[in-house]
Amino acid sequence: MSNFQQLKDQGLIILYDTAQIPQISADWFDLNYWQKQQAVLGGAPGRGTSLFIETPAGEAVWRHYHRGGLVGRCIKDSYVWQGLEKTRAWQEFKLTAKLLAMGLPVPTPLAACVKPKGLVYSADLITLRLPAAQPLMDFLKANDPATLSDLLYQVGKTVQQFHAAGLNHVDLNPRNILVNPATNKVWLIDFDRCQLTRPNATIAASNINRLERAFTKLDANQTRRWLQDFMAGYASSESFRT
């Protein structure tokens, strides 16, 4: 993490990777800045909105942190300030960078931004966009059974590698699993509130149960088959067998 630097600009505190971005400013977290350059490429569904932007480092995903659930209806994007190192953006940036350094398939973090406002703060994160990657959810709805079976096998194999590394992905669902169907490459994204600890079977089972519930919401009739294909890949992983 020696390439990471921190700066303050226009009330924002920014952490960024100098190997990817030699220079950065508060403009990077201003929608008007990207619109004026015609650099907004589109958006992705999720909590709040993630924007695809064309940056000097390449195509990137800019995500503003939004609350979910009942709290999110009243307090959309404010979090209690407990110090910079405990902010959602700082923790996710550093965790993603650590996972990347471990050789796991995750996006490259470019920059994190925190804006303190008295006792609260808001935050943003920018990561490199993954090539030809689409949410697993899209394929669960559309793909033929044989192709989907192979894809879910690879998803299971990949998730097990993260669990073997000690990751607790607290929001494992088909939106946060990206795939490239042409290569069967799989990535995990969105590590907000996730932790890296020692491998733990109970935590791994909890993650998988959450994924199963997400499968059920999409199609209860297909959940058993989807989960079987996923678990076949999970059990095939070398790290699982060792």
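The values are calculated or read from the model by the stated rules, or taken from the named source; none is laboratory data. For clarity, every value in this text was computed on a predicted model and none was experimentally measured. Here Cβ is always computed from backbone atoms with ideal geometry, including for glycine, and neighbour counts include all displayed protein chains.
For the subset of segment 162-179 comprising residues that are out of contact with any helix residue (DSSP H, G or I) (no Cβ under 6 Å at 6 or more places or on another chain) and not aromatic (Phe, Trp, Tyr), which member is nearest to residue 104 (Cα to Cα)?
The extreme case among them is 165.
Which condition number does residue 193 fail, the rest of (1) free of Cβ contacts under 8 Å to residues at least 12 places away in the same chain; (2) basic (Lys, Arg); (3) farther than 16 Å from residue 152 by Cβ being met?
Residue 193 satisfies all of (1) free of Cβ contacts under 8 Å to residues at least 12 places away in the same chain; (2) basic (Lys, Arg); (3) farther than 16 Å from residue 152 by Cβ except (1).
Confirm whether residue 149 is assigned to a strand (DSSP E or B) and of a type outside the set (Asp, Glu).
no
Could you check segment 101-127 and list, in sequence order, the residues that are buried (at least 16 other Cβ atoms within 10 Å of the Cβ) and not in a strand (DSSP E or B)?
104, 105, 106, 107, 108
Check whether at least one residue in segment 16-27 is modelled with pLDDT of 95 or more, part of a strand (DSSP E or B) and not β-branched (Val, Ile, Thr), and report yes or no.
Within segment 16-27, one or more residues are modelled with pLDDT of 95 or more, part of a strand (DSSP E or B) and not β-branched (Val, Ile, Thr).
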